[in-house]
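> Pasting a structure below so you can have a look.
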Amino acid sequence: MIDGKRVLIILPAWNEAEGLPKILREIQQKLPGVDTLVVDDGSTDSTAAVAAAHGSKVAQLPYNLGVGGAMRFGYRYAHLHDYDVALQCDADGQHDPSYVPTLIAKLDEADLVIGARFAGEGSYKVRGPRSWAMKLLSVVLSRVARTRLTDTTSGYKACNKSMIEFFSHWYPVEYLGDTIESMVGAARCGFVIRQVPVAMRERTTGTPSASPIKATIYLARAGLVLLLAMIRRMPKHVKAIQPGTRTTAARSPQLIGR
């Protein structure tokens, strides 16, 4: 627990057997008493076994759904088990667990808190079309959320109990939907979004995919996702979940593993 709150850190993982031991040990050392849930997103390596061996709860998805699908499962689990706070953290070591208390503290004034890479801390930089897309998204989503946001595609975020319930019923699984559309949906339904500055670390495993062509495609996709998010109607049962409200628990997601 942190500040009297039951906290769950959700780590979506696809073939992350190599990097998981380090990040799980770091979480256990820096945040004793905080639960972790590794959602194995259809990995072909030993991700699930490694996570379980290092003391984490584990869920195995039958095939790869992407970050959105993995996080939807994680939020459903957090809602069912009545966690006060759920955080998303990358399994590749880029997100420093030291910032978790800072994100949680900011939840005193918000429902969703983003760990922002471009808010004055750290030296993380993005250039070219990818940078243009991020800046455009930040401008538009800052207006939607009625607050200044500098990193709307960050995968490091914390949710309070109301936000957990909302995302357990509705969480986009499409490409970039887990960042852009989820934020638009939350803001349109009245949830308060804020950010705190964080420093991003180098990934411990894997290779980042970056090229001018891929960056240009990213720009086009980001614009399309934003457009669809702005015009798409929210389901009525999801719109009924408002900040501070609570409905019945979600149907139990089954853990396959520890």
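The values are calculated or read from the model by the stated rules, or taken from the named source; none is laboratory data. Remember, predicted model here, so these are calculated numbers, not experimental data. We work out accessible area using only protein heavy atoms, side chains counted, and drop any ligands, DNA or RNA first. Shrake-Rupley method; radii C 1.70, N 1.55, O 1.52, S 1.80 Å.
> Can you list residues whose amide H is under 5 Å from Ser43's amide H, if they're 5+ apart or on another chain and H is modeled 1.01 Å from N?
Placed amide hydrogens put Asn15 under 5 Å from Ser43.
> Of all the accessible heavy-atom surface of the range 1-44, with the other protein chains kept in place and a 1.4 Å probe, what percent is carbon and sulfur?
Details: 930 of 1940 Å².
Of the solvent-accessible surface of the range 1-44, carbon and sulfur hold 48 percent.
> Also: For a 24 Å ceiling on Cα separation, which of these pairs sit above it: Lys57/Lys157; Lys57/Lys106; Lys30/Lys135; Lys22/Lys106? Walk me through the numbers on the way to the answer.
On the way: Lys57/Lys157 20 Å; Lys57/Lys106 26 Å; Lys30/Lys135 33 Å; Lys22/Lys106 27 Å.
Going by Cα-Cα distance, Lys57/Lys106; Lys30/Lys135; Lys22/Lys106 fall outside the 24 Å limit.
> Please compute, for the alpha-carbon atoms of the range 29-183, the extent along each of the three principal axes and give them in descending order in Å.
Principal extents (Cα only, largest first): 41, 34, 32 Å.
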